[in-house]
Amino acid sequence: MRKKIGMAAAMATTVALLAACSSGGSTEETSSPAASETTPAMSGGELTIWVDENREPAVAAAAETFKAETGATVTLIQKNFEDIRADFLAQVPTGEGPDITIGAHDWLGALVEGGVVNTVDLGANASSFAQVGLDAMSYDGQQYGMPYALEAIALVQNVDLVGEEAPATWDEMIQNGIDSGAERPFCITTNGEVGDGYNMYPFQTSFGAPVFVQEGGSYTSEVGMGGDAGTAFATWLSENGEAGEGYLSTTIDYAINNELFNSGKCAYTIQGPWALGDFTDVNFVVNPAPSAGGETAAPFVGVQGFYVSSQSANALLANEFLTNYVATTEAMQALYDADPRLPAFEGVDTASAPYPDAIAGFQASAENGVPMPNIPEMGQVWDFWNAAESAIIKGADPEATWTKMVDDLTAALAG
């Protein structure tokens, strides 16, 4: 069955995402330097790059062009993505490891704290990247990585039940779902009894209650979920939970959520692009999540990109490779074709995606979003946060449970 995106999401993509990518680089900005510009240091240089299996062919293509135009040697080492962070942290301090590695933005705090990553200078190409991607790979105001791909959750809705138009608010969405006659107006993964702050985060941010306070675009270690905004969100969880309206339930895990939506029993759901393959029997569109608390519903945005080792003997060469050979439309297109995540670089054609129309909706959602915190403290948040949300949805006192969570988390971070 054909999948379509609503007009609202399409317009949001063409306007908002391009605005996020700023003024747009010209062909001259993103083209690689001519061979005549090759310096002696480049012609004798060597780079080692860690990359996973999916993206190795795309990086290899950029490396071949780099070698042909500069004379530098590039060696690619294929690694399991799950092993890269730990190996990079362990090997770089010993003088081993690569000059460049692919990686996720939420590693950055640990990489900076471990002293294993260098800053990068994106130069004239910086304006071609989505701002949320640049922010995600920055730390204390310094650019430590070059983004290339984004991911974010969004609202997925059953066209046959509720049409294509994006609801502006939670109440509007719920009423549309009720009017559709669906068994459930809305479903969301709560990871069973564990809780799932990640999927619920767009609604939490719409109350103005971020996980951590931000200053100058960077996250601090100050918990931002307390106060009146946090209490308002907790109250909303309770009102819509199992002891309230029942729209939020700890019985809905990932598989159940997808089955309910695919079977037409649920009019709306919150999901990421990774789930679209499960929606084989439903005509759907993808739009940004609606606001529940009055402010913009801002999901977490995950970012994939490249880092340069702090111990690289060829840091300038590594930066040259990234900014003039990877930060090009051709190289970014190859990376997208190899692993179709939302592009963080303008000019990438997403038509090759399994669900190209839906990609625009997820891009619009990412434009509304905020980077998942890349500070080390984020690792301590999940257990406290998820458990509190689950307890409130099941019927625990919202204000007392949420306040205790914030206090316990703050104490754990201080301790």
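The values are calculated or read from the model by the stated rules, or taken from the named source; none is laboratory data. Note that the structure is predicted; figures quoted are calculated from it, not measured. No Cβ is skipped: glycine too gets one built from the backbone with ideal geometry, and neighbour counts run over all protein chains shown. Ligands, DNA and RNA are stripped out before the accessible areas are found, and what is left, the full protein with its side chains, is counted by its heavy atoms. Shrake-Rupley method; radii C 1.70, N 1.55, O 1.52, S 1.80 Å.
Residue 345 passes all but one of (1) modelled with pLDDT under 95; (2) within 18 Å of residue 132 (Cα to Cα); which number fails?
(1)
Can you tell me which residue in region 262-312 is farthest from residue 48 (Cα to Cα), limited to those that are β-branched (Val, Ile, Thr) and open to solvent by less than 10 Å² (accessible area, probe 1.4 Å)? Steps first, answer last, please.
Here is the first cut: in region 262-312, the ones β-branched (Val, Ile, Thr) are 269-270, 280, 282, 285-286, 296, 301, 303, 308.
With open to solvent by less than 10 Å² (accessible area, probe 1.4 Å) added as a condition, the list becomes 269-270, 282, 285-286, 301, 303, 308.
Working: 269: 43, 270: 40, 282: 46, 285: 42, 286: 40, 301: 29, 303: 22, 308: 10 Å.
Per the criteria, the residue is 282.
For residues that are part of a helix (DSSP H, G or I) and in contact with a Lys or Arg (Cβ under 8 Å, 6 or more places away or on another chain), scanning just region 323-351, find the one that is farthest from residue 126 (Cα to Cα).
Going through the qualifying residues, I end up with 338.
Cβ-Cβ below 6 Å, separation at least six or inter-chain, first residue in region 175-200 and in contact (Cβ under 8 Å) with a residue 24 or more places away in the chain, second part of a helix (DSSP H, G or I) and β-branched (Val, Ile, Thr): which pairs?
176/162; 180/162; 185/174; 185/178
In the set 164, 245, which member is surrounded by fewer than 21 Cβ atoms within 10 Å (Cβ to Cβ), touching a strand residue (DSSP E or B) at 6+ places or on another chain (Cβ under 6 Å), at pLDDT 95 or above and farther than 28 Å from residue 109 by Cβ?
164
Which of the residues belonging to region 127-153 are open to solvent by 10 Å² or more (accessible area, probe 1.4 Å), touching a residue at least 24 places away in the same chain (Cβ under 8 Å) and in a helix (DSSP H, G or I)?
Matches in region 127-153: 127, 131, 132, 135.
Being within 30 Å of residue 164 (Cα to Cα) and not aliphatic (A, V, I, L, M) is the filter here, so list the residues in region 305-343 that pass it.
Of everything in region 305-343, those that are within 30 Å of residue 164 (Cα to Cα) and not aliphatic (A, V, I, L, M) turn out to be 333, 336, 337, 339, 340, 341, 343.
Taking the condition of being crowded, with 22+ Cβ neighbours inside 10 Å and out of contact with any strand residue (DSSP E or B) (no Cβ under 8 Å at 6 or more places or on another chain), how many residues in region 204-235 meet it?
Adding up the residues that qualify gives 7.
Name the single residue that is surrounded by the fewest Cβ atoms within 10 Å (Cβ to Cβ) among those in region 360-372 being assigned to a helix (DSSP H, G or I) and among the hydrophobic types (A, V, I, L, M, F, W, C).
Only one residue fits best here, namely 360.
Would you call residue 112 within 23 Å of residue 375 (Cα to Cα), open to solvent by less than 30 Å² (accessible area, probe 1.4 Å), touching a residue at least 24 places away in the same chain (Cβ under 8 Å) and assigned to a helix (DSSP H, G or I)?
no
Please specify each residue of region 167-203 satisfying the condition of being within 20 Å of residue 401 (Cβ to Cβ), open to solvent by less than 10 Å² (accessible area, probe 1.4 Å) and not β-branched (Val, Ile, Thr).
If we filter region 167-203 for residues that are within 20 Å of residue 401 (Cβ to Cβ), which is where we start, we get 188, 190-201, 203.
Now restrict to residues that are open to solvent by less than 10 Å² (accessible area, probe 1.4 Å): 188, 190, 195, 197, 200-201, 203.
Those that are within 20 Å of residue 401 (Cβ to Cβ), open to solvent by less than 10 Å² (accessible area, probe 1.4 Å) and not β-branched (Val, Ile, Thr): 195, 197, 200, 201, 203.
Residue by residue, here is whether (1) farther than 27 Å from residue 350 by Cα; (2) not acidic (Asp, Glu) holds:
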{"residue": "112", "(1), (2)": "yes, yes"}
{"residue": "119", "(1), (2)": "yes, yes"}
{"residue": "131", "(1), (2)": "no, yes"}
{"residue": "135", "(1), (2)": "no, no"}
{"residue": "139", "(1), (2)": "yes, yes"}
{"residue": "146", "(1), (2)": "no, yes"}
{"residue": "155", "(1), (2)": "no, yes"}
{"residue": "169", "(1), (2)": "yes, yes"}
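Among the residues of region 392-403, write down those that are under 19 Å from residue 201 (Cα atoms) and either free of Cβ contacts under 8 Å to residues at least 60 places away in the same chain or among the basic types (Lys, Arg) (or both).
Matches in region 392-403: 394 only.
What's the total number of residues in region 374-387 that are within 30 Å of residue 133 (Cβ to Cβ), small (Gly, Ala, Ser) and touching a residue at least 60 places away in the same chain (Cβ under 8 Å)?
Going residue by residue through region 374-387, those that are within 30 Å of residue 133 (Cβ to Cβ) are 374-386.
Next, only the ones that are small (Gly, Ala, Ser) stay: 379.
In the following step, the residues that additionally are touching a residue at least 60 places away in the same chain (Cβ under 8 Å) were identified as none.
Selection size over region 374-387: 0.
Where the second residue is open to solvent by 60 Å² or more (accessible area, probe 1.4 Å) and of a type in the set (A, V, I, L, M, F, W, C) and the first is without any contact (Cβ under 8 Å) to a residue 40 or more places away in the chain and lies in region 232-255, which pairs have Cβ atoms under 8 Å and are six or more apart or on separate chains?
Here the result reads none, with nothing in region 232-255 linked to a residue that is open to solvent by 60 Å² or more (accessible area, probe 1.4 Å) and of a type in the set (A, V, I, L, M, F, W, C).
The rows are residues; the columns are (1) surrounded by fewer than 21 Cβ atoms within 10 Å (Cβ to Cβ); (2) part of a helix (DSSP H, G or I).
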residue: 353; (1), (2): yes, no
residue: 358; (1), (2): no, yes
residue: 374; (1), (2): no, no
residue: 377; (1), (2): yes, yes
residue: 381; (1), (2): yes, yes
residue: 389; (1), (2): no, yes
residue: 404; (1), (2): yes, yes
residue: 408; (1), (2): yes, yes
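Identify, by number, the condition in (1) under 22 Å from the mean Cα position of the chain (by Cα); (2) in contact (Cβ under 8 Å) with a residue 24 or more places away in the chain; (3) farther than 29 Å from residue 89 by Cβ that residue 345 doesn't meet.
Every listed condition holds for residue 345 apart from (3).
Is there any pair linking a residue in region 278-298 that is polar (S, T, N, Q) to one that is in a loop (DSSP other than H, G, I, E, B) and modelled with pLDDT of 95 or more, with Cβ under 6 Å and at least six apart or on different chains, and which?
From residues that are polar (S, T, N, Q), the pairs are 287/166; 291/206; 291/297.
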